[in-house]
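Down below is the structure, laid out as structure tokens.
The values are calculated or read from the model by the stated rules, or taken from the named source; none is laboratory data. Keep in mind that what you see is a predicted model, and the values were worked out from it rather than measured. Backbone-built Cβ (ideal geometry, glycine too); neighbour counts: all protein chains shown. Note: accessible area is taken over every heavy atom of the protein model, side chains too, but ligands, DNA and RNA are not part of it. Shrake-Rupley method; radii C 1.70, N 1.55, O 1.52, S 1.80 Å.
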Amino acid sequence: MLVSYKWLQEYVDLTGITAKELAEKITKSGIEVETVEVLNKGVKGVVVGHVLEREQHPNADKLSKCLVDIGEGEPVQIICGAPNVAKGQKVAVAKVGAVLPGNFKIKKAKLRGEESHGMICSLQELGIESKLVAKEYADGIFVFPSDAPVGADALELLNLDDEVLELGLTPNRADCLSMIGVAYEVAAILGREVKLPTVELHETSENVADYISVKVEATEDNPLYTARVVKNVKIGPSPLWMQTRLMAAGIRPHNNVVDITNYILLEYGQPLHAFDYDRLGSKEILVRRAKAGEKIVTLDDVERTLTEDHLVITNGTEPVALAGVMGGANSEVQNDTTTVLIESAYFTSATIRKASKDHGLRSEASTRFEKGIDPARTKEALDRAAALMAEYAGGEIVSGVTEVNTLKQEEIVVTITLDRINGVLGTAITKEEVATILTNLKFAFTEDNGTFTITVPSRRRDISIPEDIIEEVARLYGYDNLPTTLPVAESQPGKLTPYQAKRRKVRRYLEDAGLFQAITYSLTSEEKATKFALETAEPIRLAMPMSEERSVLRQSLIPHLLEVVSYNRARQIENVAVYETGAVYLAKEAHELPEEKERLAGAVTGVWHAHLWQGEKKAVDFYVVKGILDGLFNLLGLENRIEYKQAKRDGMHPGRTADILLDGNVIGFVGQLHPSVQKENDLKETYVFELALTDLLHAEVEEIRYSTIPRFPSMTRDIALVVDKDVIAGDIQKAIVEAGGELLKEVTIFDVYQGDRLPEGKKSIAFSLRYFDPERTLTDEEVTKVHEQVIKEVEEKFAATLRS
Amino acid sequence: MKERLQQLQQEALEKIAQASDLKALNDVRVAYLGKKGPITEVLRGMGALSPEERPIMGALANEVRAAIQSALEEKQAKLEQEEIEKKLASEAIDVTLPGRPVRLGNHHPLTRVIEEIEDLFIGMGYTIAEGPEVEKDYYNFEALNLPKGHPARDMQDSFYITEEILLRTHTSPVQARTMEKHQGRGPVKIICPGKVYRRDNDDATHSHQFTQIEGLVVDENIRMSDLKGTLQAFAKKMFGEDREIRFRPSFFPFTEPSVEVDVSCFNCGGHGCNVCKGTGWIEILGAGMVHPNVLEMAGFDSKKYTGFAFGMGPERIAMLKYGIDDIRHFYQNDLRFLQQFNRA
Ligand SMILES: [Zn+2]
């Protein structure tokens, strides 16, 4: 809402308060004043001039040579390029020495050989936005009414000495979508009175009933419809003061009738519509829901197809307006209009919102209906509009108002005690202070022993419960005066849940292991949604996505982590190691919420470790990533319950991928991307993993229990086994552990060989076995006995031979 | 004989002094103190002495021997020391060459901010509540006093999946769910961090996905002054001891009264600068007293219980705190961006 500081003074005394001070006070009390715009954009020295003569410039087709009386000394010659300049006009003249916006100084000039002592200005040249300039002056100079005094300050006449406050209104403060509403707010803040406009109606002896009858079918959508008829109007420009106020409020002047409806909309917050009575085509108004497929051409010359959701004003048969949103072209007020039907109605917000949304039409009127207007002003606004049309369009007001009123207005009465106010706010406000605030708000109330009974005025539809009154008191009392305390309730210790604490440790571990935490989008494309997913479900699609790329919820974190790797590689960052923890979304039944499972995923590529001058350089490979994960399982106390199994997965290298099992159940995988996927994404050798974090962190783990530090020496025996190439080390290790029994405490692989020194198709794996007993020193014979048993078993099981 | 011994001592000490390495020194030892050495020889000739002279000469011989021995040891120690130093000097390295790097990643800046805030409130006795990102319309809107048709819940602003299910537009549904779980019994004291989604085009200041942290306290006798005190304590811990806060009246459907909370600018201390756009204040939070409808819908008696709630955006806080100019940085994961947030 744009509020003219000068116009506001009509309703509330602003003596002693500048626009800027007022803005600060309003902001502090709850409505944010976003800007205070000074309308004068640095203009100086512009006066009203009278064009005494106008003739064609001798050397230029498009220029006029004018003789202009500017109210000082001899008339001056001014060359003007505007097509609409004419003899007899009162115009805005920037005198020699004047300044226009952008610090543009007017000097004496010679234009095509003719002297020019100043410039005749358009409104745009005075700093008014083009979209606010009336159509007739849009492409030329502005023409003042003929009674404008020559030599007078043009800025003052154009109200450019005004300042405009832009209010950022929250949805609850629709009451401030009108000058009168703002006046009430300002009066409450300043503790001053509100002066309402007085309406004097001079009606003819005719009865409005002879002109029009109104029927409302859709009373739910339209509980109140009032109308008046004004005849013998003369369409012409509205008075300059009205035009300038409209422009200050961001509305382009049109003609007197339309301007008056807009003026009332701004003043009362009551949208009006003016129909050309003679173009209605009947003597009746019927308000009803549109029929499906019914059509109307609106004022913007667009044919709109309606549905049963839309409310229309009809002449009994044809729609003549899309109610509350836009009038119809068929009944538009035009230059030859003589009789006007003014509509002032109350349409409920839901129906207007629907229509305005469906047709992409947001107007000053629809906005107000959507946010809710005060039906108590509907009739008064109608009267005032009729009176203004009589005054400024020469009309005669037909006697009476046609009205259909099914409104069930209940008075809202709120009761609240002083104790409750102070109890909720933590203040010690007195009864008298509360009474002053309510009085300033112009709320009717009684007070009995600290209990306030307040009748809420209909303009404040946002107030209906005691807490609303508390807020009114708080904001006008001033939040700066609120004490600072802390809750006094017994305090409980705050703490992360075990899950949250573990998740933090997991993140910290991965970071300390060299991975950066990434956060990527949950929405992805349909194509990417299920890629790499540990488990898949029906893709969850947005009803109205903004793009295909962000249309479906992800089921794996890997696709977006690969985007991160690509993004960085495209910026010459070759070595990338990132991880992410986040939800994946797995659909259940359509009416149910999907299951959200937290995943941990990573992508690693490039050089893992380089210490070049010492000759160290290690590229990322499967075992680098596996090592990181092993450390993670250790951290979670799961190392003995985890197993890696060679696996084949879509998008993954078939020979370099492992499923990861926890207690025999797959909880994730790790491996190299399939080379074709690498190529598609413009990646080099890249390793990824994804784990079911929820399952990992919820896995029950035993509490730490101290075990005795061995006091007796251990014995280590190494063996190198030659086996077939496809025998898996993990299987042998498992067999060794089983065969070794109690005494075998540790098995380490320390060498793997494959090559010339072995027969074709064979490889050798060397294990180091450590035996000990915490209770005593083992004898050589004991260990030898067990060790030989181990060797025997693996030889048999894997057709292994000991390598000498 | 006495002269002979003194002469031997003299000679030996000179040779010891001259010895330049351990081998030469050992030669001196063997030469003078060995079984075939001159001192032994001298002592052998003691038989020719008178019984009175014998002990005197014996004592003298021992003195000479001891003197040589001690000189030898001293020299030995010195030579050994020199040898060690020589060896160490040969082992010298260039300490300016780079060390073997330890590879480290770090938190995403949003996690950094979120964990800092979480920890501040944990310290004040809060626990952390989490909830689904795909949410029921009921918890996202209705339970928060945003009935169907409410202007603040335009379909255009939310990512709906079905008419009843959408991506949550704030973390407030976690508040509603948590209150519901408490079955009308206080106290509730939680912080809810998480991802939220709105139908915005991604640009420098908008992101269709972003994060939020909300807080909620419900108990008997919770006052708005408690909200002010809590947020003041938070602001001081998060942005510096000198920070002040101020409340500006505002509107949210789920709180009444509602306020926006400004923190005095941590860049200029409140004098006005480009961070605070010259006002000295930075808007950080939305807050208010929990609307009685919200309490009642979650099963709390709004006559008995009151509560406060507040919410803030980690992106905004990170942008202000670290001077980040574009919200898209958080989701592009450029390593040159991420690794700037590595300090403890
Ligand atoms: Zn500042």
Fill in the blank from the handout: By accessible area (1.4 Å), largest first, B:Ile84, A:Ile397 order as B:Ile84, A:Ile397
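With a 10 Å radius around each residue's Cβ, average the other Cβ atoms per peptide and rank A:259-267, A:591-599, highest first. Kindly include the intermediate steps, with their values, before the conclusion.
Working: A:259-267: 25.7, A:591-599: 17.0.
Most protected by this proxy first, the peptides run A:259-267, A:591-599.
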Exercise for the section: Give, as ranges by residue number, the residues of the stretch A:453-482 whose backbone N falls under 15 Å from the point 7 Å along Cα→Cβ of A:Thr415. Expected result: A:453-456, A:465-467
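So, with +1 on the Cβ of K and R and -1 on the Cβ of D and E, and no other charges, what is the size of the charge dipole of the stretch A:81-135 about its Cα centre, to the nearest 20 debye? Let's see the in-between values first.
Working: 10 positive and 4 negative charges, 21 e Å.
It comes to approximately 100 debye.
When Cβ neighbours within 10 Å are restricted to other protein chains, what is their mean count per residue of peptide B:184-194? Each step should come with its number before you reach the end.
Working: counts 0, 0, 1, 5, 0, 5, 1, 1, 0, 0, 1.
Neighbouring Cβ atoms belonging to other protein chains average 1 per residue here.
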Handout entry: Positive dipole terminus of the protein assembly as shown, leading residue within B:Gln10, A:Ile79, A:Ala577 (C-beta point charges)
Key = B:Gln10
Fill in the blank from the handout: Counting only DSSP loop positions in the stretch A:455-518, the GluC sites (Glu not before Pro) whose Cβ has at most 12 other Cβ atoms within 10 Å are A:Glu490
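Strictly over 21 Å apart at the Cα level, which of A:Lys44/A:Lys108; A:Lys105/B:Lys277; A:Lys135/A:Lys357; A:Lys645/A:Lys725; A:Lys379/A:Lys408; A:Lys195/A:Lys234 would you flag in this model? Numbers along the way, then the final one.
Values: A:Lys44/A:Lys108 16 Å; A:Lys105/B:Lys277 32 Å; A:Lys135/A:Lys357 28 Å; A:Lys645/A:Lys725 17 Å; A:Lys379/A:Lys408 16 Å; A:Lys195/A:Lys234 30 Å.
From A:Lys44/A:Lys108; A:Lys105/B:Lys277; A:Lys135/A:Lys357; A:Lys645/A:Lys725; A:Lys379/A:Lys408; A:Lys195/A:Lys234, over 21 Å: A:Lys105/B:Lys277; A:Lys135/A:Lys357; A:Lys195/A:Lys234.
Per 0.36 nm of contour for each residue apart, how much would the distance between A:Thr198 and A:Lys431 grow if the chain were fully extended, relative to their Cα-Cα spacing?
Values: separation 233, 0.36 × 233 = 83.88 nm, distance 3.49 nm.
Between A:Thr198 and A:Lys431, full extension yields an extra 80.4 nm.
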Completion exercise
1/(1 + (r/R0)^6) with r = Cβ-Cβ of A:Thr317 and A:Ala501, R0 = 60 Å, i.e. FRET efficiency to nearest 0.05, evaluates to 0.25
Exercise for the section: Quote the FRET efficiency, to the nearest 0.05, computed for A:Glu526 versus B:Asp157 with a Förster distance R0 of 25 Å and r equal to the Cβ-Cβ distance. Expected result: 0.60
Handout entry: ³J(HN,Hα) computed for each position of the stretch A:204-221 - Karplus, 6.51 cos²θ - 1.76 cosθ + 1.60, integer Hz, glycine/proline x
Key = 7, 7, 5, 9, 4, 4, 6, 9, 8, 10, 10, 10, 10, 7, 8, 5, 4, 7
Exercise for the section: Tell me the label-point distance for the pair B:Met1, A:Asp773, using the 7 Å Cα-to-Cβ offset, in nm and rounded to one decimal. Expected result: 7.1
Practice task
Would you kindly state how much longer the chain becomes between A:Thr451 and A:Ala292 on full extension, computed as 0.36 nm times their sequence separation minus their alpha carbon distance, in nm to one decimal?
Solution key: 51.9 nm
Handout entry: Cβ neighbours within 10 Å from other chains - mean over A:508-517
Key = 5
Practice task
Starting from the Cα-Cα distance between B:Cys273 and B:Glu296, subtract it from 0.36 nm times their residue separation and give me the gain in nm to one decimal.
Solution key: 3.9 nm
Practice task
Could you tell me the distance between the Cα centroids of the stretch A:652-724 and the stretch A:422-497, to the nearest Å?
Solution key: 61
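If we sort B:134-144, B:18-28, A:185-195 on the protection proxy, mean other Cβ atoms within 10 Å, highest first, what's the order? Write out the running numbers ahead of the final one.
Values: B:134-144: 21.8, B:18-28: 14.7, A:185-195: 17.9.
Packing order, densest peptide first, comes out as B:134-144, A:185-195, B:18-28.
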Handout entry: For chain B, size of Cβ-based charge dipole, Lys and Arg +1, Asp and Glu -1, in debye
Key = 780
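Sorted by average packing, counted as other Cβ atoms within 10 angstrom per residue and highest first, what order do A:375-381, B:221-227 take? Intermediate values should be presented prior to the final figure.
Values: A:375-381: 20.1, B:221-227: 24.0.
Ranked from most to least packed, the peptides come out as B:221-227, A:375-381.
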Problem - C-alpha long axis of helix A:466-477 to longest principal axis of chain A, angle in ° - result: 70
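Counting DSSP beta bridges in the stretch A:203-405, what percent are antiparallel, to the nearest 5? Let's see the in-between values first.
On the way: 31 of 37 bridges.
Of all bridge pairs located within the stretch A:203-405, approximately 85 percent are antiparallel.
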Exercise for the section: Compute the signed sum of charges (Lys and Arg +1, Asp and Glu -1) over the other residues within less than 15 Å, Cβ to Cβ, of A:Asp724. Expected result: 0
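Across the residues of B:251-261, average count of Cβ atoms on other protein chains within 10 Å? Could you put the intermediate results ahead of the total?
Values: counts 9, 3, 3, 0, 2, 10, 12, 5, 6, 2, 1.
Across B:251-261, the average partner-chain Cβ count within 10 Å equals 5.
If you put +1 on each Lys and Arg Cβ and -1 on each Asp and Glu Cβ, how big is the dipole of the protein assembly as shown around its Cα centre, in Debye rounded to 20? Don't jump to the answer; show the numbers that get you there.
On the way: 137 positive and 176 negative charges, 575 e Å.
The dipole of the protein assembly as shown has a size of about 2760 debye.
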Problem - Inter-probe distance in nm under a simple model that places probes 7 Å from Cα toward Cβ, at A:Glu74 and A:Tyr623 - result: 10.5
Exercise for the section: Tell me the label-point distance for the pair A:Asp300, A:Glu156, using the 7 Å Cα-to-Cβ offset, in nm and rounded to one decimal. Expected result: 4.1
Practice task
Express as a percent, rounded to the nearest 5, the fraction of DSSP beta bridges in chain B (both residues included) that run antiparallel.
Solution key: 95
Practice task
Report the one residue of A:Leu691, A:Asn315, A:Ala350 whose Cα lies farthest in the direction of the positive end of the charge dipole of chain A (charges on C-beta: Lys and Arg +1, Asp and Glu -1; origin at the Cα centre).
Solution key: A:Leu691
Problem - Residue-by-residue Karplus 3J(HN,Hα) for the stretch B:78-85, coefficients 6.51, -1.76, 1.60, Hz, glycine and proline x - result: 5, 5, 4, 4, 4, 4, 4, 4
Handout entry: Residues B:Ala344 and B:Asp94, FRET efficiency given R0 of 35 Å [Cβ-Cβ distance, rounded to 0.05]
Key = 0.75
Exercise for the section: Taking a cut-off of 19 Å between Cα atoms, list the lysines near A:Lys110, but don't count ones fewer than 8 places away on the same chain. Expected result: A:Lys62, A:Lys65, A:Lys95
Problem - Between helix B:224-239 and chain B: long-axis angle, C-alpha atoms, 0 to 90°, nearest 10 - result: 40
Problem - Karplus 3J(HN,Hα) series, Hz, for the stretch B:245-252 with 6.51 cos²θ - 1.76 cosθ + 1.60 (x for Gly, Pro) - result: 10, 9, 9, 10, x, 8, 9, 9
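Give the percent of DSSP beta bridges with both residues in the protein assembly as shown that are antiparallel, rounded to the nearest 5. Mind showing how you got there, number by number?
Working: 183 of 193 bridges.
Of the beta bridges lying entirely in the protein assembly as shown, close to 95 percent run antiparallel.
Using a ≥ b ≥ c from the Cα gyration tensor of the stretch A:360-399 (square roots of the eigenvalues), is it rounded, prolate or oblate, where a/c under 1.5 gives rounded and otherwise the larger of a/b and b/c decides, a/b for prolate?
Values: a/c = 3.90, a/b = 1.89, b/c = 2.06.
It comes out oblate by the Cα gyration axes.
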